[in-house]
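Step one of this worksheet: look at the structure below.
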Amino acid sequence: MEGVRVDGVERVFRARGRRGVEVVALHGMDLRAAPGEIVAVVGASGCGKSTLLELVCGLQAPDAGTVAADPAVLMPQRDLLLPWASALDNAALALRVRGVPARRARVEAVPWFERFGLSGFEDARPAALSGGMRQRVAFVRTLLAGKPVLALDEPFAALDALTRQEMQGWLARVLAEEPRTVVLVTHDVEEAVVLADRVVVMSPRPGRAVAELEVGLARPRHRTDVAVVALRERALEALGAPA
Ligand SMILES: Nc1ncnc2c1ncn2[C@@H]1O[C@H](COP(=O)(O)OP(=O)(O)O)[C@@H](O)[C@H]1O
Ligand SMILES: [Mg+2]
C-alpha cells in the first residue's frame, strides 16, 4: 500500500481551436496521503483541486511529474445520480459496473442504506430525496466501488449550512468505522480542520501546495473547539484571506 503520492505535477489545458491559449492548472504540485490518512486540500476556486483529484484517480495524466496511488474512486462535485433510477439502484450501480448481477447488487447495497440512515428510501428517486440524503446515496456508491482511496470533491458544498454540519459529523463517524485513504477537496477551511488528519493549502492558479497543517486533535471535533478555531485561522492565513 502506498496511499497517494503526487510529485512535482504540472497540468496544462490547451483551449481547442484557439492557438496559444494555455491554462496552467497545476504547477509543481506535491501531495502525500499515507494509507488510512485523511488529507484535506483547500484552495480558491479554479486553483486545480478537481484536476488534482482526477489525476489521483487516473482520469487524467500529468503533463510533467508523477502520480502514484492505490486504486482510487472519485466522488465528483455534483452527485451525478441517475434521475430515473431508484436510490438503491443508484448506489448498487458501483457493484453492477464491477460485474455483480443486478439482484445481488441490490441485496449487497441494502445494509449500507440501514447504516447510513437511508432505510425506507431504497425505492425513492433522487428528486424525492433531500440534498443530504442524495450525498449519502452518492457516498454509498463511492464506497461500493471497493477502492482503498476515496477522492471526495467538495462533497458538501451544495448543501445549506445546517445540513453541511450534520453531514460533516456523519462523514467523520463513517470514516472512523470504515477507514480509507481520503483526499477531501473543499474550499471550507473549517470543514478541512474538523475532518482531516492534515490540511494542505494550495496557492491560486497555477495550483501548488503552499502550506501544510497537522491537525492532530482528538475526535469528535467541533467547529467551535478552541484548537479547531486556531487551526482554521492559521489555514486562512496561509490561504491569504484577511483574518
Ligand atoms: N478540461 C479542461 N479544459 C480546459 N480547462 C480546464 C479543464 N479542466 C479544468 N480547466 C481549468 O483549469 C483550472 C483548474 O480547474 P479545476 O481543477 O476545476 O479547479 P478547482 O476545482 O480548484 O475549482 C481552471 O482554470 C479551469 O478552467
Ligand atoms: Mg472543483
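The values are calculated or read from the model by the stated rules, or taken from the named source; none is laboratory data. Computed from a predicted model, the values in this text were never measured in an experiment. Please note: Cβ atoms are built from the backbone with ideal geometry, for glycine as well, and neighbour counts cover all protein chains shown.
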In the range 4-24, is there at least one residue being within 25 Å of Val193 (Cα to Cα), away from ligand 1 (no atom under 14 Å from the Cβ), in contact with a helix residue (DSSP H, G or I) (Cβ under 6 Å, 6 or more places away or on another chain) and at pLDDT below 95?
no
Could you tell me whether Leu59 is within 13 Å of ligand 1 (Cβ to nearest atom) and either in a loop (DSSP other than H, G, I, E, B) or not assigned by TED's automatic domain parsing to the domain that holds Val182 (or both)?
yes
Residues of the range 185-208 being crowded, with 20+ Cβ neighbours inside 10 Å and in a strand (DSSP E or B), which ones?
Val185, Thr186, Val199, Val200, Val201, Met202, Gly207
Let me spell it out: the conditions are (1) modelled with pLDDT of 95 or more; (2) closer than 19 Å to Met29 by Cα; (3) part of a helix (DSSP H, G or I), and Val182 meets all of them except one. Which number is the exception?
(3)
Among what's in the range 41-56 and is part of a helix (DSSP H, G or I) and either closer than 15 Å to Arg205 by Cβ or touching a Lys or Arg at 6+ places or on another chain (Cβ under 8 Å) (or both), pick the residue that is farthest from ligand 2 (Cβ to nearest atom).
Leu55
Would you check if Leu162 is outside the structural domain of Leu93 (by TED's automatic domain parsing), within 16 Å of ligand 2 (Cβ to nearest atom) and not in a loop (DSSP other than H, G, I, E, B)?
no
